[in-house]
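A quick write-up on the structure given underneath.
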Amino acid sequence: MLRDELFTPKDPALFGLTRMLFGFLMTLDCFVERGLHYADQRWSDQGCRFPLFNGLKQMDANVMIILQFIQALGALSIFIGFRVKLTGWCFVLPYWYAFLLDKTHWNNHSYLFGLSGLMFTLTDSDRAFAVSANNKTIQNWNYLIIRFQIFILYFFAGLKKTEEDWLLGYSMGRLSKHWAFDPFRAMGLSNEFIDRYIVHLSGFMIDLLVGPMLLFDKTRVFAIFALTSFHSMNSQMFSIGMFSYVCLATMWIFCRPNSPKTLFRRIPILKNIVVASPAVKSEERSNWRVNFFLVYTAIQVFLPYSHFITEGYNGWTQGAYGYSWDMMIHSFQEQHVKISYKDRRTGEVGYLKPNAFLGYARKRWTMHPDMLKQYADCVHQRLEASNITDPELYFDVWKSMNQRFVQRVYDPAIDIAHYTWSPFEKPKYALPLLQDLSDWREKLKEMKKEIQDDEIDISFIADFPGLSLENYLAPDLDNTTVELLGGEIEINFDDQANEETNVVPKYIPEIGERVKLPAGEFHSIKVVSDEPAVYMYIYQNSTDLTVRKAYKALSEIDDHLANERPLPDNLTSYFTAEDEQKWRQYFFPNQNINEQHNSRKEAVVEYRKSFYARALAWLDKKSRNVYKGMMIVSYAFTDLLAGDDVFADEVRYIERQMEMDAWRSTFHELYRFQLEKITDQKSEQLSNDKDEL
């Protein structure tokens, strides 16, 4: 029964149209997220690498550029439908190779693109809307596998959102401020309501329900409407490349297979161009491909919940981000990162910048234990090349997840460089998320509202028993206090140690007690209780406070003068004449700029906001990306054939970059021409006005 359903013949029209739209978007993506226009910088980068498998190495930079170009040709072949079972591999193989080379750029939508490319290559996707089209029927399993993939994209994303953090509105707590939610604010809804119910609960319901709703004719129209609104908003709120557009293109795969033909028969212009006749029945069967996709289906169901096996990748989140469909569930705030090393021969201790030797890679090692180990190994090699003997490496990373306390991610006392990491064992250096303190979040919000204003900054800290936080307060932070909220801590005033006895003054505060900390000095806070301690820093920068008050006073004075209102008593003698002039020069150095310049600036701003100008700017940017991408590919071919390594010659490489950047598109010239025309007209108008006066 199942096999009969799998091999039922279906019209290929909808499948072919979906493949064509996907191929078109992947062709565009070569100059967007895949970045062919900066491939030379990416592949010549000498920073640390983070492949999925440590043995997987990058090839020569020119070879990588050519592979990326072959990937673009493969995407184009999928788009036009030219023998996709063969040419589709030109897209799939380079795509997955580049994908596996760099975990720091993984995300769920890039993973989806790779899976979709594989499915369109292995299926009969080029029988309609394709150069190789023959209008023969395809077996139903072709539709079922694509529908399955789109179904789990949404349904598993919904299941992942059953986490408490998402349902309580902590994951994307500040998204409501985006202009995309202005219609909801116009209805009188508060940002808090939008965050909780529109962003989180509605997002959860959409992900969980649209998959099942797409399966049935009566509910499909509502699902398509919800997804259209959902992805349209996402395309404006997030920098996620082609993801929203791919989702908009593939959601139609749940419709009837012959629906494109039915639609095109009703459009006179397309009726004579597109093949709208019924598909010719094909009797062929491909058992091996069906078996492959049955195994593929089982893997896709299991993989998002396989983290109990690959525990070496688990930190605060489960697994390496990018294949679990846990989209947007976790948001992080980085507070502090300290990297220290110790020379094992001399005992010398040194410190590194948080992005040392990182290069093109993203700083995801701060959250993923597997990437931390890879980063530590890379830094270890770089330090040894700098004559530091077998260095030990220690990482002290402080972050907050989903509006919790700021806390340590890794144990700062464990040498990561010499730690033996296993993909199947939880790393001992990965500290757990303090889930027991999650209930504090609402209380922390209330405390911020009570304390924080424009002149005060607050940090809420949680730390583990026996660990210490060393902190230095800049001299400007002369009104900084720490308040104990729970547990027990010991404050050590390190810079006030007795010169003779070397004894450091200490103080153990009570819960709720605020202790003022000395500016311009180091202090450390150690947790001395058996359970984690929580406390908060309250910072006030005296210099910054003075600047803010002066700016506020000048703004109020200018507002009163502009509206011809008398100054209130508190502003009448706020500044001396000399001080006011000084602050005005500091804040508004160009305040006395001439009228002509102001008028021109207003006209230019107005022009740049126009649809015409924005369209020209967009077309210019895309044209430059395509031009630069093609030039980079041509250079890669010529350098490879000539055996010339331009990347090793910094001067020649910079000259080549300048040459490419100097190119101007027709759209750029049109944009500049109109801009100059506007400024000239404005100058002439002002000149005539002055003559009349």
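At-a-glance table
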{"item": "Qualifying residue in segment 449-458 (condition: on the phi < 0 side of the Ramachandran plot and at pLDDT 90 or above)", "result": "no"}
{"item": "Any chance ALA180 is modelled with pLDDT under 90, within 28 Å of GLU33 (Cα to Cα) and assigned to a helix (DSSP H, G or I)", "result": "yes"}
{"item": "Subset of segment 424-479 [among the aliphatic types (A, V, I, L, M), under 23 Å from TYR313 (Cα atoms) and not in a strand (DSSP E or B)]", "result": "LEU431, LEU433, LEU434"}
{"item": "Residues that are part of a helix (DSSP H, G or I), surrounded by fewer than 16 Cβ atoms within 10 Å (Cβ to Cβ) and not small (Gly, Ala, Ser), drawn from segment 631-650", "result": "PHE637, THR638, LEU641, GLU650"}
{"item": "Pick from segment 499-542, criterion under 34 Å from the mean Cα position of the chain (by Cα) and β-branched (Val, Ile, Thr), ranking: nearest to ALA474 (Cα to Cα)", "result": "ILE538"}
{"item": "Segment 658-673 - residue that is of a type outside the set (Gly, Ala, Ser) and surrounded by 15 or more Cβ atoms within 10 Å (Cβ to Cβ) and, of those, modelled with the lowest pLDDT", "result": "TYR671"}
{"item": "Members of segment 318-372 that are polar (S, T, N, Q) and either assigned to a strand (DSSP E or B) or in the same structural domain as PHE243 (by TED's automatic domain parsing) (or both)", "result": "GLN333, GLN335, SER340"}
{"item": "Some residue of segment 471-480 being more than 30 Å from LEU372 (Cβ to Cβ), surrounded by 12 or more Cβ atoms within 10 Å (Cβ to Cβ) and in contact with a Phe, Trp or Tyr (Cβ under 7 Å, 6 or more places away or on another chain)", "result": "yes"}
{"item": "Of residues in segment 485-508 being surrounded by 14 or more Cβ atoms within 10 Å (Cβ to Cβ) and without any contact (Cβ under 8 Å) to a residue 40 or more places away in the chain, the one farthest from SER400 (Cα to Cα)", "result": "VAL504"}
{"item": "Which listed residue is more than 30 Å from MET371 (Cβ to Cβ), assigned to a helix (DSSP H, G or I) and among the hydrophobic types (A, V, I, L, M, F, W, C), from PHE148, PHE99", "result": "PHE148"}
{"item": "Residues of segment 486-539 satisfying the condition of being part of a strand (DSSP E or B) and of a type in the set (Ser, Thr, Tyr)", "result": "TYR507, SER524, TYR535, TYR537, TYR539"}
{"item": "Tally of residues being in contact (Cβ under 8 Å) with a residue 12 or more places away in the chain, more than 29 Å from the chain's Cα centre (by Cα) and within 28 Å of THR389 (Cα to Cα) across segment 417-454", "result": "2"}
{"item": "Only one of ASP102, ASP4, ASP45 that is acidic (Asp, Glu), surrounded by fewer than 16 Cβ atoms within 10 Å (Cβ to Cβ) and over 23 Å from LEU248 (Cβ atoms)", "result": "ASP4"}
{"item": "Selection from segment 208-221 of residues that are under 14 Å from LEU248 (Cα atoms) and either in contact with a strand residue (DSSP E or B) (Cβ under 8 Å, 6 or more places away or on another chain) or not basic (Lys, Arg) (or both)", "result": "VAL210, GLY211, LEU214, VAL221"}
{"item": "Residues of segment 379-416 that turn out to be within 30 Å of MET536 (Cα to Cα), free of Cβ contacts under 8 Å to residues at least 40 places away in the same chain and not in a loop (DSSP other than H, G, I, E, B), as a count", "result": "0"}
{"item": "From ILE299, ILE309, ILE329, residue being touching an Asp or Glu at 6+ places or on another chain (Cβ under 9 Å), at pLDDT 85 or above and of a type in the set (A, V, I, L, M)", "result": "ILE329"}
{"item": "Every residue from segment 349-368 that is in contact with a Lys or Arg (Cβ under 6 Å, 6 or more places away or on another chain) and either closer than 14 Å to SER386 by Cβ or at pLDDT 90 or above (or both)", "result": "VAL349, PHE357"}
{"item": "Evaluation of ASP217 against (1) surrounded by 17 or more Cβ atoms within 10 Å (Cβ to Cβ); (2) at pLDDT 90 or above; (3) under 19 Å from THR18 (Cβ atoms) (one fails), failing number", "result": "(1)"}
{"item": "Subset tally (residues that are among the polar types (S, T, N, Q) and on the phi > 0 side of the Ramachandran plot) for segment 385-423", "result": "3"}
{"item": "Any pair with Cβ under 9 angstrom, 6 or more apart, that starts in segment 579-594 at a residue that is farther than 13 Å from LEU554 by Cα and ends at one that is at pLDDT below 75 and of a type outside the set (Ser, Thr, Tyr)", "result": "ASN590/HIS597; ILE593/LYS601"}
{"item": "Boolean, PHE31 is assigned to a loop (DSSP other than H, G, I, E, B) and in contact with a helix residue (DSSP H, G or I) (Cβ under 6 Å, 6 or more places away or on another chain)", "result": "yes"}
{"item": "Pair list, Cβ < 6 Å and 6+ apart or interchain, from segment 466-484 residues that are farther than 18 Å from PHE405 by Cβ to residues that are surrounded by 15 or more Cβ atoms within 10 Å (Cβ to Cβ) and of a type in the set (Val, Ile, Thr)", "result": "LEU473/THR480"}
{"item": "Boolean, PHE91 is more than 18 Å from GLY322 (Cβ to Cβ), crowded, with 17+ Cβ neighbours inside 10 Å and modelled with pLDDT of 95 or more", "result": "yes"}
{"item": "Matching option when the condition is surrounded by 14 or more Cβ atoms within 10 Å (Cβ to Cβ) and closer than 23 Å to LEU100 by Cβ, among ASP457, ASP396, ASP377, ASP415", "result": "ASP377"}
{"item": "Where ALA130 falls short, out of the listed (1) within 24 Å of ARG362 (Cβ to Cβ); (2) modelled with pLDDT under 95; (3) hydrophobic (A, V, I, L, M, F, W, C)", "result": "(1)"}
{"item": "Residues of segment 329-351 classified as exposed (fewer than 12 other Cβ atoms within 10 Å of the Cβ) and of a type in the set (Lys, Arg), total", "result": "1"}
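The values are calculated or read from the model by the stated rules, or taken from the named source; none is laboratory data. As the structure is a prediction and not an experimental result, all values here were calculated from the model. With ideal geometry, Cβ positions are generated from the backbone for all residues, glycine too; neighbour counts draw on all protein chains shown.
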